[in-house]
Amino acid sequence: MTDVILSPALLTPAWQDGAPTGVREWTVGHFARHTAPKGRRIPSCGTATGSWAMALAPHWGLPSRPLTYDDLQELPDDGRRYELVDGTLLVAPAPNLAHQRCVLHLGSLLDAAAPRHLEVFVAPVDWRVSHQTVFEPDVLVVEAGANGTYLSRTPLLIVEVLSPSTAMVDRTTKRAAYEGAGVSAYWIVDPDAPSLTALRLRNGRYATDTMVEGNDEYRTDFPFPVAVVPSRLLHQQS
């Protein structure tokens with residue numbers, strides 16, 4: 001059976017109404033049954049199992065085995081975000097406007113500060129960790145010069161902007177996966193607070209570098225000198 005991890009926003013009657021024809025029942029577990037890099041288990045926000053998940057494979061043309069990057073390319077371009085963790089499909093709905101405003105402003109801020117040997121990308125851009133693990137971070141910083149349809153180099157910095165549908169995955173599943181993949185810095189931005197939590201990789205594990213809220217400023221020299229004020233990410237720029 002193909003494992004499918006759904007965001008909480010998709011585990012609703014409205015999403016069930018849009019499920020494959022004839023599918024009426026599904027159950028939700030709280031942890032994905034796969035193993036993170038370095039043998040650590042990665043928690044998920046809910047794994048769809050039972051008849052609902054079984055029906056996803058033929059409905060989306062998915063094989064009944066761990067999925068690959070090639071399988072991901074066959075999924076519909078329907079506005080949802082599709083990612084893979086060790087062959088398990090992550091599905092999230094299109095983000096809201098506050099989320100996209102933060103992504104746009106933060107991406108522009110980082111791009112303006114980045115030196116020429118580094119490059120800033122914003123979603124949708126695939127980072128292919130392996131053939132069975134593919135992420136689409138909100139914002140990422142990599143060494144310049146990448147070409148093709150996806151990124152293969154490990155980013156120096158990844159930023160995920162929380163939304164109600166992705167917060168648990170961003171704080172758990174992706175944190176563990178990015179840590180295991182060796183991403184040096186991981187920022188989690190919460191538009192509701194607003195806040196920014198900066199994690200740095202130390203001895204192979206993430207540790208909180210700092211957490212700032214509202215009008216407080218976060219200054220860092222990695223991956224290049226930049227200052228971020230969470231509240232300013234929420235407002236339209238003049």
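Please treat every number below as a calculation from the coordinates, not as lab data. In this text, all values refer to a predicted model and were calculated from it rather than measured experimentally. Cβ sites come from the backbone with ideal geometry, for glycine too, and all protein chains shown count toward neighbours.
At-a-glance table
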{"read-out": "Separation of the Phe224 and Ala207 label points, Cα + 7 Å toward Cβ, nm", "value": "2.7"}
{"read-out": "Footprinting exposure proxy for Thr68, Thr166 (fewest neighbouring C-beta atoms within 10 Å first)", "value": "Thr68, Thr166"}
{"read-out": "In nm, spacing of pseudo-spin labels at Asp77 and Ser108 (7 Å Cα→C-beta vector)", "value": "2.6"}
{"read-out": "Residue order, fewest to most beta carbons within 10 Å, for Ser163, Ser152", "value": "Ser152, Ser163"}
{"read-out": "Residue order, fewest to most beta carbons within 10 Å, for Arg101, Arg219, Arg200", "value": "Arg219, Arg200, Arg101"}
{"read-out": "Global geometry of segment 97-234, whether rounded, prolate or oblate, following the gyration tensor of its Cα atoms and the 1.5 cut on a/c", "value": "rounded"}
{"read-out": "Contour minus Cα-Cα distance for Asn147 and Arg200 (0.36 nm per residue)", "value": "16.4 nm"}
